[in-house]
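Asker: Provided herewith is a single structure, encoded as structure tokens, for subsequent inquiry.
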Amino acid sequence: MKNKGIIILIVILAVLMGTAAVANMFSYTATEYALDTMCTVTAYGFNSKSAVTDAFDTLKKLEAKLSVHRETSDISRLNREKRAHLDEDVFNMIKTAKMVSDDTNGAFDITVKPLVDLWNIKGGGPVPSEKEITYRLNSILNADIQVDLEKRDVYFANSDTQIDLGGIAKGYCADKVAKVLENHDIKSALIDLGGNVRTIGKKKGKVWRIGIQDPKKKRGEYFGVLSISDKCVVTSGAYERYFTENGKVYHHILDPHTGYPADSGITSVSIIADDGAIADALSTAVYVLGVSDGLALLNSSEYDDVGYIIIDKNGKVYISENIDFEITSESYVEG
Ligand code: AMP
Ligand code: MG
């Protein structure tokens, strides 16, 4: 009886306020560990619970295909056998990765896997020898990934080649999750895959306000706020994963030309774009390229619809004109 009364009340409210407004009253949030990071999805609307549940289901399926830590994943199979017929998701990521790699003169390069393994940043090092680094650099230098666009076949011409999609996967997956939510008729949502954020629509009628991590502060402490809707924002920073040896920090974004963690004078790069995979790959690439080459790339005609927030090691912030970003910390100034 009581439930019936509540339902009648909701129906009356829906008529009075409009269905969209009532849909906004319903929301569902879930947080789970996936893709090596904490993922949180919040959706607003009548279908929010089933939509978010379905979103995590999709995320887990993507992870099973992508993970370099699982022997059965498509990527592990490709790394072992050097050729594979791939499904659309894995193939699309490799295709986009190759494009960004070409555009960035190899600053972004998924064939860094042998170096990623050598550095073992997640496991805490240690710093490898110069000789080992040079040896693995050769496999990157000689890598030749061939793709058959029609058949979705991928072939590594060099038997040393191995790939790691860690620099592009979260952005790609955030887009996929957004599509799943939209298929459930969700008109408002926030997807956060370890700091790789995608928004759908608006939050209660207003644009989403996303805090951008202060690279020098604890996780969750922001240095500014970005206002967006229906966009993706992906941030790369050394603070995400690193170890310290003899007082020096060694982090997870490697320069494929030197074999060492990138030391380009940048402390954080955020890329704002429609396409999450491109945003993700570009954030890693620009971190490697540094301010000058990074800005030249982002301001070029190819990427001029992409937004950026770049912080250099002196706390100077470079912000593109096509975004709405406000610095809120006094430690930073616009460059
Ligand atoms: P992100 O956090 O998106 O900047 O990506 C960093 C992750 O991508 C690392 O943990 C590695 O797995 C991988 N990676 C590191 N350096 C590169 C690079 N130069 N190009 C492509 N992927 C990279
Ligand atoms: Mg990235």
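Asker: Among helices (runs of 4 or more DSSP H) lying entirely in the range 55-167, which contain 2 or more residues that are at pLDDT below 95 and away from ligand 2 (no atom under 16 Å from the Cβ)?
Answerer: Of the helices (runs of 4 or more DSSP H) lying wholly inside the range 55-167, those with at least 2 residues that are at pLDDT below 95 and away from ligand 2 (no atom under 16 Å from the Cβ) span 130-141.
Asker: Does Thr199 satisfy being surrounded by 18 or more Cβ atoms within 10 Å (Cβ to Cβ), among the β-branched types (Val, Ile, Thr) and assigned to a loop (DSSP other than H, G, I, E, B)?
Answerer: No, not satisfied.
Asker: Need pairs with beta-carbon distance below 8 Å; first residue modelled with pLDDT of 95 or more and within the range 308-335, second hydroxyl-bearing (Ser, Thr, Tyr) and not in a strand (DSSP E or B); sequence gap 6+ or separate chains.
Answerer: Close Cβ pairs (under 8 Å, with a partner that is hydroxyl-bearing (Ser, Thr, Tyr) and not in a strand (DSSP E or B)) amount to Tyr308/Ser320; Ile309/Ser320; Ile311/Tyr332; Gly315/Ser331; Gly315/Tyr332; Lys316/Tyr332; Val317/Tyr332.
Asker: Moving on to the next point. Specify which of the listed residues (Val225, Val269, Val286, Val234) is of a type outside the set (Ser, Thr, Tyr) and more than 15 Å from ligand 1 (Cβ to nearest atom).
Answerer: Val225
Asker: Before we move on, is Tyr33 modelled with pLDDT of 95 or more, surrounded by 11 or more Cβ atoms within 10 Å (Cβ to Cβ) and within 30 Å of Glu240 (Cβ to Cβ)?
Answerer: no
Asker: Only one of (1) touching a residue at least 12 places away in the same chain (Cβ under 8 Å); (2) away from ligand 1 (no atom under 11 Å from the Cβ) is not met by Thr104, so which one is it?
Answerer: Every listed condition holds for Thr104 apart from (2).
Asker: Scan the range 168-196 for residues that are away from ligand 2 (no atom under 16 Å from the Cβ) and assigned to a loop (DSSP other than H, G, I, E, B) and jot them down.
Answerer: Result: His184, Asp185, Ile186, Lys187.
Asker: Continuing with this model, one more query. Quick check, is Ile278 farther than 27 Å from Phe243 by Cα and within 11 Å of ligand 2 (Cβ to nearest atom)?
Answerer: It is true that Ile278 is farther than 27 Å from Phe243 by Cα and within 11 Å of ligand 2 (Cβ to nearest atom).
The values are calculated or read from the model by the stated rules, or taken from the named source; none is laboratory data. What you see is a predicted model; the values in this text were computed from it and never measured. Because the Cβ atoms are built from the backbone with ideal geometry, glycine has one as well, and the counts that use them run over all protein chains shown.
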